[in-house]
Structures are given as structure tokens and as C-alpha cells.
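Right, one structure below, let's go through it.
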Amino acid sequence: IFGLDIGTTKVCALVGAVRGGQMQIIGMGTAPSRGMRKGMIIDVQEATAAIAQAVEKAEETSGFQLSHGLVSMAGEHISATNSSGVVAIGKNENGVTKQDIEQALDMAQNIPLPYNRQIVHIVPRRYTIDDQDVRRPIGMHGFKLEVETHIVTGDKPSLQNLAKCTADVGINPEVFVLNALASGEAVLEPSEREMGVIVADIGGGTTDIALYKDGTVWHTKVIPVGGYHITNDIAIGLRAPYEVAEEVKIQYGDCRPDQINPEYVFTVEPFGGEKIQVGRQDLAYVIEARVEELFQLVLKEISLSGYDGMLPAGIVLTGGSANLRGMTEVAERVLRVPARVARPKNMLGLVETLQSPAYATSVGLLRWMQNENNHYQPRSRHGEWSRRFNNFMKALLPG
């Protein structure tokens, strides 16, 4: 199985195999991301080159020629809504069937959508039979089955740009998976999903969140703030190149100015070439302001979901920017819930590099494929997803 995580700062291609129920990583390739901004492609040629570099490395380490797999997606173009579908089940002597559930899910996706929107995920949130909540409806009897769903949609042109870049390197994306949902597959415990938890994948250009309750997804959002914005604030404050600011963030960055000695300074070379001394506490104040803003936006989404104060498992942080010192403390202060930084686990093979929150989405794509029977794939109103995608690719790549 193959997963391709195309982010704002890096591209990661992972090849895995399930052996004895365990995920074994047998191939990996990474490359600095190019042609991306806030999770979206802004230069097809540059993005394709970065993807090709990562895929080539994954093919070399795995020994396989890769042709299809799951591809991550992010960006401000992602949005979500909720919808319900209802079907009659009274004539089924054996109770509710899998086909009944799929029919109800198909009905749920019959929502008015602008021509430029594409349904990417349909997540069942709640089932009822004759208005009574049930967890697993298959085999149960009644007259009416209703499913409440969470539907994630994306901008068609943005998805087409993503598909074109992968197709140009010989990769057919079987499914696009929202970053936060992939990360949730990699780092969340079943008990956390059940009690109530939010996963926040803090990437370079965006922060992707997914709220879980009663074992399933209830709310998703892509917030257009990530590690890039922290680095950019530092670059502006220091009047230094972005690359210098990124190095400063990694080496000296902290979200807790009150815990830093005011006399602690470091040397940096801004524009102009004359080195200056900067207080580490001053740097922390700049970082803290942006991180607080990020978690205020997360808090707003929790409130919109209706689950404020109902997330006993707190927030789980993933993504490269989750490594920033003090991130959990700021999250706990703003959100008033427990916070932890999560790393992918329960893997074999080439795992040393992957045991970092930066690779949660990459590993989560493989987990998503491993658990594919638990995920409903949206159907076109005019046929199956696969047929729609094939037609979509033919139109995209004539000849």
C-alpha cells in the first residue's frame, strides 16, 4: 500500500505492507516541497518535480514501481457540512443490510453543491432505526433507517491540480484523504475517539482539525495558519531572510516567554549582513502571540461544533510544528483541556525517522488503506467514484 503526503513544507511518499496485522514500512522517500502555499498548489511544474523526487526515493527503497495510492489534501478550499439520508427497511426479513446503509449514505450526499465543489468524504456520525439511536444497525429490524453524516468537500480545480501533479509522475490517486483524518488514523486511541477528542495537524501552511466523539468524526476544519506564519513573524521581526528565521525558530523557538531567562541572547545575521543579538524571551513573545491566535481559532471551531467543554480526552497535536517547545502548554491554557503531542506508533520496518509528529499524516494514509472497510467512499450522482475519477482524469489529461 502506498501513501503520498503533499504538504506545504515537505512531500513524503510511504510504502507499507500489512503482515500479521502489523504495519511494516518497506519504503520511504521525502523531498522539500515546492510550488505549494497553504496546502494548495500554486506551481504545477515545481510541485510535480518535488513529488517525483519523493516517489523515486520510495521506489528505490521499497523495490516496487508505484502506480496508485492515497493522497493527502489540505488547503482553505476544504469545507464541510452535515446531512442525513433515510431509507425504508420494513420489508427486509433479515434486518438492515450493508446495502441499506450504503443507500442511506447515498441519499445523504444528495445535497445542493456548486458546480466547482467535489464531495471527498462522507463520514457516518449517527444511525437511528425508527428514531432510536443504534451503534451498529446491520441485522436490526425496524421500518426506517436514518444516517446522519459529516460531508467534506473540496474545490474541483484544486483537486484537479493535485491529481495532475501526481498523474505526471505516474501515480493514480485512488482517494484523497483530509490531513486531519489521516493523522487521526495514526495517533488516536479508540478510547479517545469514544470520549471526545480533537486532533490538530499543525503543518507548514495550515492547521487541519478533526473532532471525534462517540467513536466517529463530528467536525472538521482547515485553519489557514501554520508553522509558516510563525516563521514569517520571526522573519519580519528580525528583518532576516525566511531561511534564517526558520533556523532561529527550530533552534531557539519557545511559546513560553515567562519561563525564559531575560538575559539569554543569541546572535543572528539579518538583511544587511551585520550580526545582531536577540533576546530569546523577545523571540518567545512573538511566537506565543501567533500560537495563541492559532488555538483561539481552534477554540472557535470547537464552539461551533457544539462540543465546547465536552472533550475529556483533550487535544492531540501532530504535524511538524507540534514539535515547537511549549506548544502543549499554550493549547491547554487557551482551550482548557489536556494536550499532548502524538507520534505514529505500532509500526515495523523503516520507522526511526517516522516517529515524529511531522509524519502522522503520512503514516495515517497507510492506516486509512489498512482500515478501508471502515470508510465509505462517496459515489457520484451519475455512477461510481472510480468511473467519475477516470472520466475526470481523461478530461484532465487528453490523449
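The values are calculated or read from the model by the stated rules, or taken from the named source; none is laboratory data. Just so it is clear, the structure is predicted and the values come from calculations on it, not from any experiment. No Cβ is skipped: glycine too gets one built from the backbone with ideal geometry, and neighbour counts run over all protein chains shown.
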Restricting attention to the range 161-179, does a residue exist that is more than 29 Å from residue 10 (Cα to Cα), in contact with a strand residue (DSSP E or B) (Cβ under 8 Å, 6 or more places away or on another chain) and among the acidic types (Asp, Glu)? no
Which of the residues that make up the range 136-154 are more than 16 Å from the chain's Cα centre (by Cα) and touching a residue at least 60 places away in the same chain (Cβ under 8 Å)? 146, 147, 148, 149
Does the range 43-66 contain any residue that is in a strand (DSSP E or B), at pLDDT below 95 and among the small types (Gly, Ala, Ser)? no
So in the range 80-97, with the set limited to residues that are aliphatic (A, V, I, L, M) and surrounded by fewer than 15 Cβ atoms within 10 Å (Cβ to Cβ), which one is nearest to the chain's Cα centre (by Cα)? 86
Report the residue count in the range 305-321 for those that are modelled with pLDDT under 95, crowded, with 20+ Cβ neighbours inside 10 Å and not in a loop (DSSP other than H, G, I, E, B). 2
Would you list the strands (runs of 3 or more DSSP E) that sit entirely within the range 98-172 and hold 3 or more residues that are surrounded by 20 or more Cβ atoms within 10 Å (Cβ to Cβ) and modelled with pLDDT of 90 or more? 117-129, 144-155
Looking at 211, 181, can you tell me which residue is within 30 Å of residue 250 (Cα to Cα), aliphatic (A, V, I, L, M) and outside the structural domain of residue 288 (by TED's automatic domain parsing)? 181
Residue that is among the hydrophobic types (A, V, I, L, M, F, W, C), within 21 Å of residue 36 (Cα to Cα) and crowded, with 24+ Cβ neighbours inside 10 Å, where the choices are 200, 186, 210, 235: 200
Among residues belonging to the range 18-48 that are free of Cβ contacts under 8 Å to residues at least 40 places away in the same chain and among the aliphatic types (A, V, I, L, M), point out the one that is surrounded by the fewest Cβ atoms within 10 Å (Cβ to Cβ). 42
Evaluation of residue 267 against (1) part of a strand (DSSP E or B); (2) farther than 20 Å from residue 239 by Cα (one fails), failing number: (2)
Residue 72: surrounded by 15 or more Cβ atoms within 10 Å (Cβ to Cβ), under 24 Å from the mean Cα position of the chain (by Cα) and assigned to a helix (DSSP H, G or I), yes or no? no
Sole residue being at pLDDT 85 or above and not charged (D, E, K, R), chosen from 335, 397: 335
For residue 227, which of the numbered conditions (1) small (Gly, Ala, Ser); (2) crowded, with 24+ Cβ neighbours inside 10 Å; (3) not assigned by TED's automatic domain parsing to the domain that holds residue 323 fails to hold? (3)
Hits in the range 238-255 - residues which are touching a strand residue (DSSP E or B) at 6+ places or on another chain (Cβ under 9 Å) and surrounded by 17 or more Cβ atoms within 10 Å (Cβ to Cβ): 238, 240, 244, 245, 248, 252, 253, 254, 255
Which residue out of 301, 247, 288 is of a type outside the set (Phe, Trp, Tyr), in a helix (DSSP H, G or I) and touching a Pro at 6+ places or on another chain (Cβ under 7 Å)? 288
